[in-house]
Amino acid sequence: MEQFQLSALDIGIMLLYAVLIIAYGLYHAKRKNSEEYFLAGRDMIWPIVGISLFAANISSSTLVGLAGDAFKTNTHVYNYEWLAAVILVFFAIFFLPFYLRSKVYTMPEFLERRYDSRSRYYFSFITIVGNVLLDTAAGLYVGNIVLKLMFPSLPTWVIIVILAFAAAAYTIPGGLNSVIQTEVIQAILLIFGSMLLTYFAFSRVGGWSNLIAGLDKMAAEGAFVGESGLRLNSAEEVLSLVRPRNDTFMPWTGLLLGAPILGFYFWANNQFMVQRVLGAKDVNHGRWGALFAGLLKLPVLFIMVLPGTAAILLYSNLDLTPLNYVMPSGEICTSLAECPNMTYPVLLFDLLPAGILGLVLAGLLAAMMSSVSATFNSASTLVTMDFVQKFRPELTSQQLVRVGQFTTLILVVLASAWAPQIERFSSLWEYLQLVLAFICPPVVSVFILGLFWHRANSTGAIVSLLSGFVLALFLVIASTIATTAEASGTEPAAWVSFLNDIHFLHRAFFLFVICAAIHIVASLSSPPPPQDKVDEYTWKKSIFTAETEELKGLPWYQNYRILAVILLIITAIVVGSFW
């Protein structure tokens, strides 16, 4: 394959899109007071909430990762997508009403309402670090990888700075409303572009039946694909969402036990996702928006995952040497089996005609800008509302807005400086795992116990969070020791090998269980929480009974329970079809 080439038309479309989306974001700026700037005035209706959640989730790294994993025969990467629909149902029923009725700005602030300020400051700090080191930097890094293929002469730091400041151009002046309004446009473009790519990919393959026949033929010939040389056994196995317990990517036990924990953190505790729901007009619009986002996640299999599966037939023998793409090892990439993250760019440049290519690339740019602008805004909200306002309560609402704008600028600089450092890790996936190990399981256990167990108290929460951090740090040290030993050709200690042999998803589940147990023991060993925290911030049957009465007068299409059941049925049909 020759070097990726963009026509003048494609470049023009991309530049025009970038200018228009920044102008559109500035037009929708809201910054009269802190509530407008950080929560879009709390008047977002459900379609906007749902589309914004979807757009913030589908980043450039997601697009590249989904296609790359599908090419490696890991179609079951889609499990993270459909699982989001199930988690959002749980979120809409139980957690969302407490978030909205408490009128909080941030998730750490909610933890303070339920526990105390210690939990708030801890969670806020690690969330800010995670936003900069994980969400924003990773999004910029993947955007750099893709644009580097198109503009190889541009230095990495220049591309990252351009991407960061393009996203910040409307985020800093306009706040959450600018972010959400642009995300709606970006999501529509992203879905449309993905549908076009799927159409061209399946047209080249010859349709669904030819895809199945082609995969079976490759399996019969003993073909191997993917970076680790996975053998194709059948089309049915390639397209199956549920894999055996010894699967290295996602065993069924990991899907059942570990994946929901990571998903719950992402959708129900992560500030940059929940902040969109906090801006909802009321509880109903928040619930409808969350369920709508879950519905939008289901077609991802067809428009973002399966094109990567089609690439198995189209590009397994493709020579990528002319691209001069350098892998983390320093070697030139010669095939997609060596660098599957190139699958998505190859699909784009090989299948799409001029003009349409520029439009779809604008969609890819849209995905990157959505996720980066979302994390910028959420991190600035955390800094401003969880730290600055607490230590400087005399600041006016307008002054808090200016603090948020200045904070966003600082975060832009920090994320741009850190993003190139990700190259030091052997893979982006490894980097994401290491950072996630610090955050997810302890936080999820604290939120779940806080909502459903009346005896959970502030001492149990902070002890659990700090213990989880220490345990996660211990696991990371073990992983580092194993990596160092492997590089030097020596055998690591038995305990190191044992810990590193535990699948990442299993590890997340075990850490969750340990943190929950620590929380329970510490809570029972200390005085019970104040009654007002229990009454206001824990779920009880009377809430369900009261809501039942409220819902009686609503038509079925406004009854969130009926809508949740419909979403779960559709999810079951999709998953069952690819079981």
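So what's the back-of-envelope 222 nm ellipticity for the chain, counting only DSSP H runs of four-plus at -39500 (n - 2.57) apiece and dividing by all residues, rounded to 500?
For the chain, the value works out to -22000 deg cm²/dmol.
For the chain, evaluate the Debye formula with one uniform point scatterer on each Cα (no solvent term) and list log10 I(q)/I(0) at q = 0.08, 0.10, 0.12 Å⁻¹, rounded to two decimals.
-0.54, -0.86, -1.28
Straight-line reach from residue 103: which lysines have Cα under 18 Å away, leaving out those fewer than 8 places along the same chain?
281, 390, 533
Taking residue 297 as the anchor, which aspartates and glutamates have their alpha carbon closer than 18 Å to its alpha carbon, excluding any fewer than eight residues away along the same chain?
69, 81, 183
Would you kindly give the portion of the calculated P(r) for the stretch 51-134 that falls above 18 Å, as a percent of all Cα pairs?
Tail fraction, whole percent: 62.
For residue 490 paired with residue 165, estimate the spin-label separation in nm (one decimal), with each label point 7 Å from Cα along the Cα-to-Cβ line.
Distance between label points: 4.7 nm.
Under a cut-off of 24 Å between alpha-carbon atoms, report the lysines in cross-link reach of residue 217, not counting same-chain residues fewer than 8 places apart.
Within the straight-line cut-off, residue 217 pairs with 72.
For 276, 402, what's the fewest-to-most ordering of other Cβ within 10 Å of each Cβ?
Ordered by Cβ neighbours within 10 Å, fewest first: 402, 276.
If I stretch the segment between residue 8 and residue 570 completely, what's the gain in nm (0.36 nm per residue apart, minus their alpha carbon distance), one decimal?
Answer, rounded to one decimal: 198.0 nm.
Which ordering of 304, 14 is given by a fewest-first count of other beta-carbon atoms within 10 Å? Numbers along the way, then the final one.
Values: 304 26, 14 20.
So the ranking, lowest neighbour count to highest, is 14, 304.
Fewest to most neighbouring Cβ within 10 Å: what's the order for 51, 58?
51, 58
Please identify every one of the trypsin sites (Lys or Arg not before Pro) in the stretch 455-551 that sits in a loop by DSSP and has no more than 16 other beta carbons within 10 Å of its own beta carbon.
Passing both the DSSP loop test and the Cβ count: 455, 540.
Starting from the Cα of residue 399, step 7 Å along the direction of its Cβ; do the same at residue 513; then give the gap between the two resulting points in nm.
Computed distance between label sites residue 399 and residue 513 equals 5.1 nm.
Work the Kirkwood hydrodynamic radius out for the stretch 425-539: mean of 1/r over every pair of different alpha-carbon atoms, inverted, in Å. The partial results should precede the final answer.
Values: mean 1/r = 0.0645 Å⁻¹.
For the stretch 425-539, inverting the mean 1/r across all distinct Cα pairs yields 15.5 Å.
Read-outs throughout are calculated quantities, based only on the coordinates presented, and are distinct from any laboratory measurement. What you are looking at is a predicted structure, and each value in this text was computed from that prediction instead of being measured. Here the Cβ is made from the backbone with ideal geometry for all residues, glycine too, and neighbour counts use every protein chain on show.
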